Structures are given as structure tokens and as C-alpha cells.
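The structure appears right after this line, and notes come after that.
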Amino acid sequence: MGIKILQRHSVSPSEGGAAEHSLPLLYFDMVWLQTPPTETLYFYVLKCSESHFLDTIVLKLKHSLSIALKHYLPLASNIIFPLTSAAMPLSRYTVGDSVALTIAASDADFANLTSNASKAADQFHQFVPQLRPAVYSSDDIKFGAIAIQVTLFPNKGMCIGLTHHHAICDATALFAFLRTWASIHKSDGGQLQILPPFYGRDSVQDADELTIFSWNIIKMNRPVLSPTLSLALHKVRATFIISDVQIEKLKSSAIARPSTFVAMCAHLWSCLAQSAAAAGEAVDDDEPEYFGSPIDCRRRLNPPLPENYLGNCLIFFMANSTHGRVKGDEGFAVALEAIAAAIRETVGNERGILDGFENHLKDLSEYEGKRVVVIAGSSRLDSCGADYGWGRAIKYECVHTDYDGAVNLTKGRDGGVEIGMSMTPLKMDAFAAAFHQKSYINSNL
């Protein structure tokens, strides 16, 4: 299953945009300087030859990407991490800056790659682009915001791979960019069909105070620019789908009707705890268990931010219980109660959603080495929604979960919710067994 690099391009924003554009990184953005870039793949059915791909499709993709970047200049910018005490981090675009675009072809098994079944995780890494090397000086570190790779599987399909540094924006903004690019491509460079991004940093609640506080902590460490692991991971990836009907059964099994997100998270957490023993893990019943996830708080700030705000606007909640309780017969109910309580404490705080934000930065290290389940994505995000003219993506993979151990949640392509898992084969088999046997949904889950 080899891959062949066909072309390398540097795509700059098309003419007509600003010659320069600077955007400060706020406290919501800075926390992501200490995490590796995200790596995501979007697979499409596309039956075409390599020659047609290069002569027609690649040209259109480059042209539409250039137009899309004109509306999303921060994605073509450099993120600047200052090494001098007086400066603050920002993204800066100047004419000539560009996005690295790699064009490739592969003879890998497209049907296997786009299936939900368990498969070797390492094979996906060849479709992930690399950010350009960072530029170091005595004053700062400069590094790119995104890189893109388009890989053709001749007469079968295509994969658009994206590496993006989370400090520039969250998934909500990133998917808006992809939908913009796709819309421009589908309409042959026509008018923008999606709201352009909103950059208003002055509108972000408590921006000055929390940004300075955050920077004083974060500047002590250099930014993370790549995954910490590069060797073979010996993991497998699989996707588990829960339909809308099954989600309703999940909700109906609870005493107080939960949201889809809370129900899904409780089911996931209880299955992971229940499968630990079968996966060869010896865990005491009284050992603490934690479950955390980011929450989009654009609409929860005062004043609220619009949905098209480009940047990060996420805050984490962390639920806790014990292994014995979450794995037990009432594990789903226990997990449901713990997650709902943690969200209420975060979102429903009478002092506002930002109350205690300073402690979130200080307390992240306390979970290292503990049993923690972390969510990447959201059941509300439509990861397959960008249509370039070939229909919606048929498969989405969140590759960076291979490294950080997070679990990806996304809106199902055909309804329901998809759960993307990456773990060792033994753990995957144990989790699958627990996931499928839950009687409160049905035996076919």
C-alpha cells in the first residue's frame, strides 16, 4: 500500500484581499499552543483517472482554495510565538504567505479505509500532510497554521487530509472553512454561499485580563508543533455508530431525559470502564475515573459571539467517579449523573462560564497518569458536510487521536452519532464487546 507524491504547491490567497492581516491569540487560543496539531481526513467517492485528476480536479481545487483563503487569511498566516517578554502571540499574514498543498496518489484499499471495521491505524498517517518546518530566531518562533494533502485512489476515491494547529481556531471554525472551500469549488469560483468569518477580538468577554494571565503561564513552555510519537503505534481504528432510534432508547432509559451528547458520553464511559478487565487492565474499584470534553461557549459568553467567530471558543468540563461505580450494572446511570453534574457546574455557573478559568490552566497536569477519557469533536459537528461537487464525504477520520488517546465524536453521516476509536487490538475487541451488549439499547447495537 504505497503512496506516490505527484506535486507540491504553495497556495496563496487570491487577489482582492488584505495585504496584511494580524490577529492576536486570546486566552481561548493560547491553551492550544501546548498541544500537537490536529490531523483529520475526509474521504470522497470519485471515480477518475490520475491524468484527469491532475489536469482538471487539482487545478480547480487550487483555484477554489486560493479564493477561500482570501476570506480566511489567518489560515494562510504564520503563528508567531514571541520569545521576548514584552510581546504577545498572534497570527500574521503578509502578501506571499501561503498554504502547503501536497498532491498524491495511492494504491491502498479504499473500501477498507472507508469502512467502519477495525483496521491498522498506522496506514492512515501517509495521507496526513506535514506543516512546514518552524522558523526559529532570537525573537520568536514562526510556524504555519495549516497544511493540506489531496490523495487520489485512482477510479475509486479521494482523500483530503488536513493538519491544523489548534491555536488558530477550533473545529467549528475549521469546518466552516472547509464548507467555504467546497462551496466555491462546487460553484466554479462563484459567490461565497457561507457567512465570512468574524474576527472581532474586542467582542470576547474578559479578553484582556484572562489573556495576560494565560500568557504568563503558557510562555514558560515552547509551542508543540508535532505529535510526540513517530514510531509505529500498533493500534487499530474503528468507528461505532449509534442511530437516532438507539439514541432515543438511551435517553428514555434515564430518569431525567439527557441531551444526546450527555447520553452518548455516559454510554461511552461506562463501556470503556466495563471493558477494562477484558482488555487486561487491573484496576481497583476505588480508583478515580475522569471524563472530560470541550464545550463550545460562543453563545454562552457575555456578550455572546456569533457562530462564524474564527478562533477558539472552548471550555472544558471534567466529570469524576470511581472505576467500580462506572463499570457496574448501574454504570450508565452513574456516568450520566456525573457528566450532567459537571456540565451544569461549568455551563450553569451563576458567576458565568468563565468562572475559575484560571484554575483550568493550572490544574491540567493533575490528570496525567490517571484514568481519563477525553473527547475530541462533538456530536453536533457535521464532519462530512463539505460537498465539493462529489457529494458529502463518505468517511471522516480524526487521526491525531492515535497519539493523544482521545475519543472522537461527530454527527453521523446518515444520522445518529459516530464514535471514532483508536486503541490496541485487545482493548478494541474488549470495548466492542461491551459496546454491543448493552441491553438498554438493543442486541444489535
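What to note about this one:
- Residue pairs whose Cβ atoms lie under 8 Å apart, sitting 6 or more positions apart in sequence or on different chains, and linking a residue in segment 51-68 that is outside the structural domain of Gly17 (by TED's automatic domain parsing) to a partner that is surrounded by fewer than 16 Cβ atoms within 10 Å (Cβ to Cβ), do not occur here.
- Residue pairs meeting the criteria (Cβ under 9 Å; at least 6 apart or on separate chains; first over 15 Å from Ile241 (Cα atoms), in segment 425-437; second hydroxyl-bearing (Ser, Thr, Tyr)): Pro425/Ser118; Lys427/Ser275; Asp429/Ser118; Asp429/Ser275; Ala430/Ser275
- Of the helices (runs of 4 or more DSSP H) entirely within segment 197-291, those holding at least 2 residues that are among the basic types (Lys, Arg), assigned by TED's automatic domain parsing to the domain that holds Asp404 and surrounded by 15 or more Cβ atoms within 10 Å (Cβ to Cβ) occupy 244-252.
Yes/no per residue for (1) at positive phi; (2) buried (at least 19 other Cβ atoms within 10 Å of the Cβ):
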| position | (1), (2) |
| --- | --- |
| His125 | no, no |
| Tyr136 | no, no |
| Gln149 | no, yes |
| Gly189 | yes, no |
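- Residue under evaluation Val224, criteria (1) aliphatic (A, V, I, L, M); (2) within 30 Å of Leu61 (Cα to Cα); (3) modelled with pLDDT under 90, criterion not met: (3)
- Tabulated pairs, segment 404-416, first within 18 Å of Trp32 (Cα to Cα) and modelled with pLDDT of 95 or more, second of a type outside the set (A, V, I, L, M, F, W, C) and surrounded by 17 or more Cβ atoms within 10 Å (Cβ to Cβ), C-beta under 6 angstrom, 6+ apart or interchain: Asn408/Gly377; Asn408/Thr401; Asn408/Gly420
- Matching residues, segment 14-47, being touching a helix residue (DSSP H, G or I) at 6+ places or on another chain (Cβ under 7 Å) and among the hydrophobic types (A, V, I, L, M, F, W, C): Ala18, Leu23, Leu26, Met30, Val31, Leu33, Leu41, Phe43
- Scanning segment 117-131 for residues that are within 20 Å of the chain's Cα centre (by Cα) and not in a helix (DSSP H, G or I) gives Ala121, Val128, Pro129, Gln130, Leu131.
- Qualifying residue in segment 153-166 (condition: of a type in the set (D, E, K, R), in a loop (DSSP other than H, G, I, E, B), more than 18 Å from Ser383 (Cα to Cα) and at pLDDT below 95): no
- Of all residues making up segment 38-51, the number that are closer than 16 Å to Tyr388 by Cα and outside any strand (DSSP E or B): 3
The values are calculated or read from the model by the stated rules, or taken from the named source; none is laboratory data. Remember, predicted model here, so these are calculated numbers, not experimental data. Heads up, the Cβs are rebuilt from the backbone with ideal geometry, glycines too, and the neighbour counts pull from every protein chain shown.
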